[in-house]
1. For segment B:44-52, state whether one or more residues are facing chain A (nearest Cβ under 9 Å), polar (S, T, N, Q), in contact (Cβ under 8 Å) with a residue 40 or more places away in the chain and buried (at least 19 other Cβ atoms within 10 Å of the Cβ).
2. On the basis of being surrounded by fewer than 16 Cβ atoms within 10 Å (Cβ to Cβ), in contact (Cβ under 8 Å) with a residue 24 or more places away in the chain and in contact with a helix residue (DSSP H, G or I) (Cβ under 8 Å, 6 or more places away or on another chain), does A:P82 make the cut?
3. With respect to A:E17, is the statement that it is surrounded by fewer than 21 Cβ atoms within 10 Å (Cβ to Cβ), farther than 18 Å from B:Y33 by Cβ and either in contact (Cβ under 8 Å) with a residue 40 or more places away in the chain or within 9 Å of another protein chain (Cβ to nearest Cβ) (or both) true?
4. Can you tell me how many residues in segment B:1-24 are away from chain A (no Cβ under 13 Å) and assigned to a loop (DSSP other than H, G, I, E, B)?
5. From (1) over 11 Å from the mean Cα position of the chain (by Cα); (2) in contact (Cβ under 8 Å) with a residue 12 or more places away in the chain; (3) within 14 Å of another protein chain (Cβ to nearest Cβ), pick out the condition that doesn't hold for B:L32.
6. Name the strands (runs of 3 or more DSSP E) wholly inside segment A:37-111 in which the number of residues that are modelled with pLDDT under 95 and either farther than 16 Å from A:T26 by Cα or more than 11 Å from chain B (Cβ to nearest Cβ) (or both) is 2 or more.
7. Could you check B:R36 against (1) basic (K, R); (2) surrounded by 14 or more Cβ atoms within 10 Å (Cβ to Cβ); (3) assigned to a loop (DSSP other than H, G, I, E, B) and say which number it fails?
8. Among the residues that make up segment A:26-36, is at least one of them within 13 Å of the chain's Cα centre (by Cα) and free of Cβ contacts under 8 Å to residues at least 24 places away in the same chain?
Amino acid sequence: KQEVTQIPAALSVPEGENLVLNCSFTDSAIYNLQWFRQDPGKGLTSLLLIQSSQREQTSGRLNASLDKSSGRSTLYIAASQPGDSATYLCAVSGNTGKLIFGQGTTLQVKP
Amino acid sequence: GAGVSQTPSNKVTEKGKYVELRCDPISGHTALYWYRQSLGQGPEFLIYFQGTGAADDSGLPNDRFFAVRPEGSVSTLKIQRTERGDSAVYLCASSAGGWDTEAFFGQGTRLTVV
């Protein structure tokens with residue numbers, strides 16, 4: 001059974017810092033991995049999707065990497081801003097697109 | 001539509017009552033998913049539709065939960081004899097189908113059973 005773990009559960013950093021969020025999964029037979037952002041009381045916004053054949057994806061200040069063989073992904077956020085404060089969720093999927101989520105990392109960026 | 005739409009946004013019901021939650025996916029998206037999110041947790045998979053058929057309902061917790069998608073577009077999640085433990089945010093997502101397509105989520109329905 002696939003299990004997804006995110007570390008740390010919560011993180012507080014001063015504005016401007018670069019930071020890394022970690023995601024690990026137990027079964028390397030995934031088709032893709034997605035990182036999502038969730039603001040309090042809101043739905044999920046997709047940030048990056050990495051297909052299993054890819055090593056990384058970049059969007060603006062965000063960079064996500066995938067090491068499928070070791071069951072790990074990282075989300076790198078450069079020059080963090082208070083508006084980045086949210087919960088970040090990692091999810092892996094198989095061939096149906098069904099997502100298995102981690103519990104999330106709640107990020108607070110202090111001005 | 002422009003995005004995935006879920007109604008109602010909030011629903012309060014009494015224990016034992018029946019509820020229906022609606023999801024309007026992005027137009028043209030063949031795949032539709034329901035998830036449930038409890039406070040402080042990541043979403044948990046409930047059911048997946050490809051077109052009109054439920055391709056995977058392995059996440060439905062028991063037979064009080066049922067979902068339909070009769071015309072391959074709008075889906076309704078139905079919960080009978082609600083219990084306090086059913087209180088959660090119910091999220092719907094759609095995608096163009098296929099393992100390599102991005103999932104887009106609605107804002108969710110917050111269900112509270114009192």
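The values are calculated or read from the model by the stated rules, or taken from the named source; none is laboratory data. These numbers come from a predicted model, not from an experiment. Neighbour counts are summed over all protein chains in view; Cβ atoms, including those assigned to glycine, are modelled from backbone coordinates with ideal geometry.
1. no
2. No: the conditions fail for A:P82.
3. It is true that A:E17 is surrounded by fewer than 21 Cβ atoms within 10 Å (Cβ to Cβ), farther than 18 Å from B:Y33 by Cβ and either in contact (Cβ under 8 Å) with a residue 40 or more places away in the chain or within 9 Å of another protein chain (Cβ to nearest Cβ) (or both).
4. Qualifying residue count, segment B:1-24: 8.
5. (1) is the only condition that B:L32 fails.
6. Where strands (runs of 3 or more DSSP E) fall fully within segment A:37-111 and carry at least 2 residues being modelled with pLDDT under 95 and either farther than 16 Å from A:T26 by Cα or more than 11 Å from chain B (Cβ to nearest Cβ) (or both), they are A:44-51.
7. Evaluating B:R36 over (1) basic (K, R); (2) surrounded by 14 or more Cβ atoms within 10 Å (Cβ to Cβ); (3) assigned to a loop (DSSP other than H, G, I, E, B) leaves (3) as the failure.
8. no
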